[in-house]
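Values quoted throughout were computed directly from the atomic coordinates according to the rules given, and no laboratory measurement underlies them. Please read all numbers here as calculations on a predicted model, not as lab measurements. Neighbour counts run over all protein chains shown; Cβ positions are idealised from the backbone, glycine included.
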Amino acid sequence: MNISRRKFLDQTAVGLVGSAAFHVTSFAQAPSEAGGGQKPLIVSTWPFGKPANDVALKVLLRGGSILDAVEQGIWVVESDPDNRSVGLGGGPNAAGVVQLDACIMFGPGHRAGSVAALEGIRHPISAARRVMEKTTHVMLVGEGARMFALQEGLEAIAVDSRERYELWQRQKIGQRTNPPEKKKDNHDTIALLALGADGNLAGGCSTSGLGGKLPGRVGDSPILGSGLYVDNEVGAAGATGVGENVMRYCGSFLVVEYMRQGLHPQSACEATIQRIAKQDPKGLDLSINFVALDKQGRFGAAGTDKNFRFAATTSSSSGVLQPMLVDHLDAGAGAGRR
Ligand code: GLY
């Protein structure tokens, strides 16, 4: 898919995102997009992915590795104290503690690292990368993950999340007496996928998870194949939304497998949502959203959340896009564009 043909939305113009002119179908179906796209290419979830993509691109353009690009891109979002869903500024759990989940995957060699329920570490994505690079394991959790991160010299920060916890408690009580018409999203994950100029792939995922979750709850984000999956022969996919609804179906793995069968990343995201929604008693009320890119440099995204947006970046363009909203079940699901 040729990114230069698209109408990109700058972060400053996100208000325009609802316009049909920017709907993902308008570019996903352009004929020239059946071929290859641009490399390097970076795709990530949500508008906050754009500054992360821009940093990742800079790393690549100055000769850095795709792993450095993924890690340093995600640092941008993890470092933002105003972000209430990623990093230590994120929403606390039901005990008032911020517990973070992250993972990273490197296409060559099919390597991966992951941390879950990690407390007080500024950059969980770096802890995940160290697990991959410095241990024989793939995943560390809780206090073990924290001790490892400290041992590795990663920055620790004491977090006082009392105010956020009290706010969450007040909102919870408010919602019981006055329930919102539609579920309010309180869980936005950064999943960032990178395709290097050399055709290699990497990806990372980081979140504070569902606000008010039970202590110890782990969502999809650090689970390989759920919140993130990278296959260097095919492509990469990442997820955001209600982790439980992604991880019961290995959502990101499924997107990559659809791409392996020849589907365009856009069709692969849609087919995954259709397949999950058909099988799940919740139908389309799942809050699941995917981004994907393939080895040829094509990309796509789809979700069940109306407010879901994603960011795409190449050396010539960078912007926030409105993905395909999957709001009805399609009888021919899975037979998407190749
Ligand atoms: N998708 C993030 C979570 O549910 O934890």
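In plain terms, the C-alpha convex hull of region 44-154 casts an average shadow of 7.2 nm² when viewed from every direction. With both residues required to sit in region 65-161, DSSP beta bridges show an antiparallel share near 70%.
Counting only aspartates and glutamates at least 8 places from Lys278 when in the same chain, those with an alpha carbon closer than 15 Å to its own are Glu270, Asp327, Asp330. When all alpha carbon pairs of region 266-314 are counted in 10 Å bins from zero, the resulting P(r) reads 27, 50, 20, 4 %.
The stretch between Ser317 and Val97, if pulled fully straight at 0.36 nm per residue, gains 75.3 nm over its current Cα-Cα span.
Cross-link pairs exceeding 31 Å in C-alpha to C-alpha distance, out of Lys172/Lys282; Lys213/Lys306; Lys213/Lys282; Lys134/Lys172, comprise Lys134/Lys172. Cβ-Cβ distance of Asp54 and Gln279, R₀ of 41 Å, FRET efficiency by 1/(1 + (r/R0)^6): the value works out to about 0.60. Model label points for Lys306 and Ala197, set 7 angstrom from Cα along the Cα-to-Cβ axis, are 4.4 nm apart. Note on region 90-179: Cα-Cα pairs beyond 23 Å make up 35% of the total pair count.
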